[in-house]
Amino acid sequence: MKSSKSIETVSFVGSGNVATHLAVALKGAGVEVAEVFSENTENAKTFAIKLQCSIAESIQNFKMTSDLTILTVPDSKIVEVSKLLPDSDSIVVHTSGITDISVLNGREHYGVFYPLQTFSKERKVDISEVPFCIEANNENDFNLLMELAFKLSNNVKKVSSDQRKLLHLTAVMVNNFSNHMYHLAQEILENNNIDFDFLLPLIQETALKINDVHPAKAQTGPARRKDNSTIKEHLKMLNEFPEYQEIYKLLSEQIMKKYHE
């Protein structure tokens, strides 16, 4: 790594949602975004224009002259990409929630720079509120990564790989699974010519309530009350959606078990 006392330049392998949000935030914090490589050449061009950085033609031609190289590639490709990168003093980090830090241990400087948030290119995220989970193979690089993360967010923590995996698991539950339920609800309503927007205030209040009320106490609804007649009626209404019927039944049974056994 360069002899600088802080991370001043960064490059990206990958140009998707996470890379774009991180790169914009880093540039806004005064960090130079130097280079990008992506197998998706159109994404790489868009990224390079937006961040005013150079594009590597191949992973083997990646210059690796930045203080930090961030891998924002699919989890299954992290090991492969890391091995293909040229040797350098750059700190190489991945942004995966489920992948152990040890997959990068063939390099001299490596770590994890994991922002615990859902990212979409179409939606701006307040990066200052995003929790960053930091890990590194040595104390000096860890301190550099912590310092960099604090330039972006007020919520930065040292998190081990085992802890991060649990955070990723539960993030999938509260984000991906809940969003899937929104999708199912939207499909049911639209199939019956009802506007999904009716549910938006409820969705927003449910999310906001967690700031003040423990999830166990915030639970409401027919399963919480063990209102079997309502549950039976709901299941009947879902006859045209048998797969969704099974999901409703499973979740209702789990809630009743939690509160009534």
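The values are calculated or read from the model by the stated rules, or taken from the named source; none is laboratory data. Since the structure is predicted, the reported quantities are computational estimates derived from the model, not experimental observations. So basically every Cβ, Gly included, is an ideal-geometry build from the backbone, and we count neighbours across all protein chains shown.
Would you confirm whether any residue within segment 156-167 is outside any helix (DSSP H, G or I), among the β-branched types (Val, Ile, Thr) and modelled with pLDDT of 95 or more? Yes, some residue in segment 156-167 is outside any helix (DSSP H, G or I), among the β-branched types (Val, Ile, Thr) and modelled with pLDDT of 95 or more.
From 158, 209, grab the single residue that is within 22 Å of residue 248 (Cβ to Cβ) and either assigned by TED's automatic domain parsing to the domain that holds residue 133 or of a type in the set (Lys, Arg) (or both).
One residue alone meets the criteria, 209.
Consider segment 186-230 and keep the residues that are surrounded by 11 or more Cβ atoms within 10 Å (Cβ to Cβ) and of a type in the set (D, E, K, R). The one that is farthest from residue 261 (Cα to Cα) is 190.
Helices (runs of 4 or more DSSP H) fully within segment 198-261 that include at least 3 residues being of a type in the set (S, T, N, Q): 228-237, 242-260. Checking 194, 188 one by one, the residue that is on the phi < 0 side of the Ramachandran plot, part of a loop (DSSP other than H, G, I, E, B) and not basic (Lys, Arg) is 194 and no other. Scanning segment 117-141 for residues that are surrounded by fewer than 17 Cβ atoms within 10 Å (Cβ to Cβ) and out of contact with any Leu (no Cβ under 8 Å at 6 or more places or on another chain) yields 118, 120, 121, 122, 123, 124, 125, 126, 129, 138, 139, 140.
For segment 56-79, the criterion of a residue being over 30 Å from residue 163 (Cα atoms), of a type in the set (A, V, I, L, M) and without any contact (Cβ under 8 Å) to a residue 24 or more places away in the chain is satisfied by at least one position. For the structure I just gave you, tell me whether residue 120 is more than 22 Å from residue 29 (Cβ to Cβ) and either out of contact with any helix residue (DSSP H, G or I) (no Cβ under 8 Å at 6 or more places or on another chain) or among the small types (Gly, Ala, Ser) (or both). No; evaluated as a whole, the condition is false for this residue.
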